[in-house]
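> To start, I am sharing the structure in question, which I have written as structure tokens.
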């Protein structure tokens, strides 16, 4: 039995109570759907800054479709902002107190943190502080928070592979990178001073259904799929040789469950994390690498196979964007060794599911 299968079995045998911030977002809604399908109790919060009410409906439908019973009795939604500490404390107190917290509320866009630095700092840093204090007040057993590969900044990665490992980071290239690094340090501090299990997951580029293709700060994959479906040229910022490690959202869900229950597993003490800057932090990716040009060709050909007249389409190149990292690739060996993380969803499967979701 794999580690994640063991975790699933444990959760089914003894359901827990979970708080998910950003539950109406891309990743948060997938987390809620998965947990409800496992019979868990979920308190979800969101302020709909970027989250969608349709995602709440989708996660409930998805959980029911996966065999979940009494979803409405197990799921409670609260519309609130993580910058409101009292509202967070009240949410954490539901169902006699949450046991596990998954923090995914954020201003999660490099360009937006440059355009709106005060708002971004308030949400990403003050929101993290409020979340940690609310979790501590209700006696939560674990907090897992979304951080980002953006914290690697100008770190080039290992000479042999270009992969970034948790222990070495470079200079931050954007307010977003700095804010996520501060959140990591806050988590490490609360873990040390209050004995809480706080784990930061450094997401690389996540892909899957429910990503929003609209808006100035949309992620590249849903934006390009939507653009191709409309018969327009996708924009590549730079020469197209920028590389990214794209990771299916299903593997992100796996990583969250493993990190949340890591402290409970019998061998956790034997896997004590070293006292280095990476303590309590894990990369979440596939460990692969695609150039933006390669990604464009995959999406273009996939959409053409679906009947869109775009086989001859070429991208339009514009200047590099401020704050963007040139190359990004996850070294996931630490997550494999300590958490039992094992990427399981093929990227092409995830891309097809995303195209199906966005383009029908």
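> Looking only at residues that are in contact with a strand residue (DSSP E or B) (Cβ under 9 Å, 6 or more places away or on another chain) and at pLDDT 95 or above in the stretch 206-220, which one is nearest to residue 33 (Cα to Cα)? Outline the logic, then answer.
Of the stretch 206-220, the ones in contact with a strand residue (DSSP E or B) (Cβ under 9 Å, 6 or more places away or on another chain) are 206-208, 219-220.
Those still in the list that are at pLDDT 95 or above too: 206-208.
Values: 206: 17, 207: 16, 208: 14 Å.
This residue is 208.
> Out of 200, 157, I need the residue that is crowded, with 18+ Cβ neighbours inside 10 Å, under 20 Å from residue 28 (Cα atoms) and in contact with a strand residue (DSSP E or B) (Cβ under 6 Å, 6 or more places away or on another chain). Which one? Explain how you work it out, then say what you get.
Numbers: 157 fails: under 20 Å from residue 28 (Cα atoms).
Only one candidate passes the filter, namely 200.
> Of these, 61, 78, which one is touching a helix residue (DSSP H, G or I) at 6+ places or on another chain (Cβ under 9 Å) and over 20 Å from residue 144 (Cα atoms)?
61
> Just for the stretch 281-297: of the residues that are in contact (Cβ under 8 Å) with a residue 24 or more places away in the chain and surrounded by fewer than 18 Cβ atoms within 10 Å (Cβ to Cβ), which one is nearest to the chain's Cα centre (by Cα)? So that I can check it myself, show each step before the final result.
Here is the first cut: in the stretch 281-297, the ones in contact (Cβ under 8 Å) with a residue 24 or more places away in the chain are 281-293, 295-296.
Okay, now just the ones that are also surrounded by fewer than 18 Cβ atoms within 10 Å (Cβ to Cβ), so 288, 291, 293.
Details: 288: 17, 291: 21, 293: 24 Å.
Looking at the filtered set, the residue picked out is 288.
> Here's something else I'd like to know. Just one of (1) crowded, with 20+ Cβ neighbours inside 10 Å; (2) at pLDDT 95 or above trips up residue 59, so point out which.
For residue 59, the failing item is (2).
> Which residue out of 241, 228, 258 is surrounded by fewer than 18 Cβ atoms within 10 Å (Cβ to Cβ) and either in contact (Cβ under 8 Å) with a residue 12 or more places away in the chain or touching a helix residue (DSSP H, G or I) at 6+ places or on another chain (Cβ under 7 Å) (or both)? Outline the logic, then answer.
Working: 228 fails: surrounded by fewer than 18 Cβ atoms within 10 Å (Cβ to Cβ); 258 fails: surrounded by fewer than 18 Cβ atoms within 10 Å (Cβ to Cβ).
Of the residues listed, the single one that is surrounded by fewer than 18 Cβ atoms within 10 Å (Cβ to Cβ) and either in contact (Cβ under 8 Å) with a residue 12 or more places away in the chain or touching a helix residue (DSSP H, G or I) at 6+ places or on another chain (Cβ under 7 Å) (or both) is 241.
> For the stretch 7-34, give me each residue that is part of a helix (DSSP H, G or I) and touching a residue at least 60 places away in the same chain (Cβ under 8 Å).
Kept after step one, since they are part of a helix (DSSP H, G or I), are these residues of the stretch 7-34: 7-13, 26-34.
Those that are part of a helix (DSSP H, G or I) and touching a residue at least 60 places away in the same chain (Cβ under 8 Å): 7, 8, 10, 11, 26, 27, 28, 29, 30, 31, 34.
> Let me ask you something else. Hey, any hits in the stretch 168-177 for a residue that's touching a residue at least 24 places away in the same chain (Cβ under 8 Å), part of a helix (DSSP H, G or I), crowded, with 19+ Cβ neighbours inside 10 Å and over 16 Å from the mean Cα position of the chain (by Cα)?
Yes - at least one qualifying residue is present in the stretch 168-177.
The values are calculated or read from the model by the stated rules, or taken from the named source; none is laboratory data. In this text, all values refer to a predicted model and were calculated from it rather than measured experimentally. Heads up, the Cβs are rebuilt from the backbone with ideal geometry, glycines too, and the neighbour counts pull from every protein chain shown.
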